[in-house]
Amino acid sequence: MSIIKSIKKNIYRTASQYMSHARLIEGKINNSNQSIRCLFIENSNYMSYVSEKIFEGKSRILNHSRVYLPSVNKIIRDLMDEFDLCVAIVPKRYDSSLNDLLDFRSDEYVSQVIDIAGTMDDVKKRFHQKKRQLSNKIDVKSGFSYKVSKDLDDFSMFYNEMFLPLITRKYGDNSDIEPYEDMKILFQKGFLVLVSHDNKYVSGALCIVENNSLVFRRSGVLHGDDEYIKLGAQNALYLFNIYHAKDLDLKSVDTMKSMAVLNDGVFRTKREWGATVYPDSESKSRMYLFIPRYSDRAISFFESNPMIVHANGGLCGLVGHRGDRNHVEDIEADLKKKYFSPGLNGLLVITPDSRNPIHIPFVH
C-alpha cells in the first residue's frame with residue numbers, strides 16, 4: 001500500500017468515528033408487491049449488499065447526505081415518518097444514546113466455527129445431511145485430493161490465479177483487495193491447503209493455527225471459474241481443511257466471518273458444514289435496527305432478509321411473517337427446520353398485527 005493511500009485510509013477511519021453517510025433508498029422487495037423505504041446510516045458496503053440481495057431491479061436513492069454521529073439519535077427521531085426501516089452501523093460508543101429508539105441490536109457479521117471434537121464420524125454427524133452425503137462422495141470417487149504447502153511459488157499462484165479472480169468476480173467494483181505483500185506476511189505465519197482435481201490445482205485456502213484452531217483466513221478458486229465451483233472445488237476445500245485440522249489434533253476450524261443474515265449463501269454453507277454461530281467480538285461498531293411501524297413493508301423486508309440479532313441473552317434469528325400472529329404456530333416447525341443453527345437460541349418472529357416478537361426457542 002502506498003504512503004498516500006495509507007494516509008487517506010487513516011484519515012477516513014478517523015473521520016468515520018464522527019461522520020457517516022446517510023442514504024434514504026426505495027425499492028421493491030423480491031417476491032413481494034411491497035415497496036419499502038430504508039434509511040441506511042453507515043460507512044460500509046451494507047446498503048449495497050442489501051440492495052443486491054433483496055430488491056427486485058434497482059433501488060432509488062431518494063436522499064444522500066453526511067450526518068454527525070453524536071446527533072444520530074435526533075436525526076433518526078426527526079426522520080421517523082420518512083422510512084419503514086432504518087439500519088445504522090455506528091461505533092459502539094453511541095450505544096447508550098440509541099436505547100430509547102432502538103428495536104434490535106445486531107452486527108454486520110458473525111463468526112462461525114466448526115467443532116471437530118470426537119472421531120471424524122462424530123464430526124460428520126454434525127454436518128447437514130446434504131454435506132454428509134457430499135463429503136462421502138468426495139472421499140470415495142470424486143477425484144479430489146489435497147496437499148499442504150509453504151512454498152512461496154504456490155502462494156503466488158494461489159494469490160494471482162485463485163484469490164484475486166474469485167474476490168473480483170464476487171464483489172466487482174466493491175472489492176477491497178488485499179495487497180500481495182500484506183497477504184504474504186500472513187502466509188509466512190501459516191500455510192496453504194491446495195485442492196487438486198485431475199492433476200490441476202482448482203482451489204486453495206490460506207490457513208493459520210491459532211488457539212488450537214485451524215483458521216480459514218482466505219480462499220480462492222482457479223480463475224474464479226464457475227466450472228470448478230460446480231465441480232465441488234469449494235466444498236472439497238472445507239472438507240480437507242477439517243481433515244488437516246484433525247491431523248494436527250486441533251479442536252476446531254474457524255471459518256471466520258459471514259454476514260449476519262440467515263439466508264446469506266456463505267452463512268448457509270458454513271452452517272451446513274456444522275459451524276456454530278458466535279458474536280463478532282472484534283468489531284468496534286454495531287448495527288442498530290429501527291422499525292417505526294410493523295407494517296407489511298417492514299415485515300416483508302425481514303421475510304426476505306432474516307437477520308441475526310442480540311436477544312434473550314444471546315443470538316436469535318429475526319424473521320418476518322406477513323400472516324397474522326396466530327398463524328405462526330402453524331409454521332413453527334418449518335421455520336425451525338429452515339433456520340436452525342448451533343449458537344442461536346431461537347427465532348424472533350415479527351408480524352404486522354403485533355408489536356412484540358414471538359420467540360420460538362431452539363432445543364439443542
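So is Phe104 closer than 30 Å to Gly314 by Cα and out of contact with any helix residue (DSSP H, G or I) (no Cβ under 9 Å at 6 or more places or on another chain) or not?
Taking the combined requirement at face value, the residue satisfies it.
Identify, please: which residue in the stretch 71-82 is in contact (Cβ under 8 Å) with a residue 12 or more places away in the chain and not hydrophobic (A, V, I, L, M, F, W, C) and is, among those, surrounded by the fewest Cβ atoms within 10 Å (Cβ to Cβ)?
For the stretch 71-82, the residue satisfying everything is Asp81.
Exactly one of (1) at pLDDT 95 or above; (2) part of a helix (DSSP H, G or I) is unmet by Val202. Its number?
In the conditions (1) at pLDDT 95 or above; (2) part of a helix (DSSP H, G or I), Val202 misses (2) alone.
In the stretch 17-36, what residues are modelled with pLDDT under 85 and under 17 Å from Ile76 (Cα atoms)?
Of everything in the stretch 17-36, just one residue is modelled with pLDDT under 85 and under 17 Å from Ile76 (Cα atoms), namely Tyr18.
Which ones in the stretch 338-364 are buried (at least 16 other Cβ atoms within 10 Å of the Cβ), in contact (Cβ under 8 Å) with a residue 60 or more places away in the chain and among the small types (Gly, Ala, Ser)?
Ser341, Gly343
Residue check: is Leu69 farther than 28 Å from Met256 by Cβ and aliphatic (A, V, I, L, M)?
Taking the combined requirement at face value, the residue does not satisfy it.
In the stretch 215-250, what residues are farther than 24 Å from Leu164 by Cβ, acidic (Asp, Glu) and assigned to a helix (DSSP H, G or I)?
Asp247
Return a yes/no flag: does the stretch 274-285 have any residue that is aliphatic (A, V, I, L, M), in a strand (DSSP E or B), surrounded by fewer than 21 Cβ atoms within 10 Å (Cβ to Cβ) and not assigned by TED's automatic domain parsing to the domain that holds Leu85.
no
Please count how many residues of the stretch 46-63 are assigned to a strand (DSSP E or B) and either touching a Gly at 6+ places or on another chain (Cβ under 8 Å) or buried (at least 18 other Cβ atoms within 10 Å of the Cβ) (or both).
Counting residues in the stretch 46-63 that are assigned to a strand (DSSP E or B) and either touching a Gly at 6+ places or on another chain (Cβ under 8 Å) or buried (at least 18 other Cβ atoms within 10 Å of the Cβ) (or both) gives 2.
Name the residue that is nearest to the chain's Cα centre (by Cα), counting only residues in the stretch 251-273 that are at pLDDT 95 or above and in a loop (DSSP other than H, G, I, E, B).
Within the stretch 251-273, the match that is nearest to the chain's Cα centre (by Cα) is Ala260.
The values are calculated or read from the model by the stated rules, or taken from the named source; none is laboratory data. Note that the structure is a prediction, hence the values are computed from the model and not measured. Every residue, glycine as well, gets a Cβ built from its backbone with ideal geometry; the counts of neighbours run over all protein chains shown.
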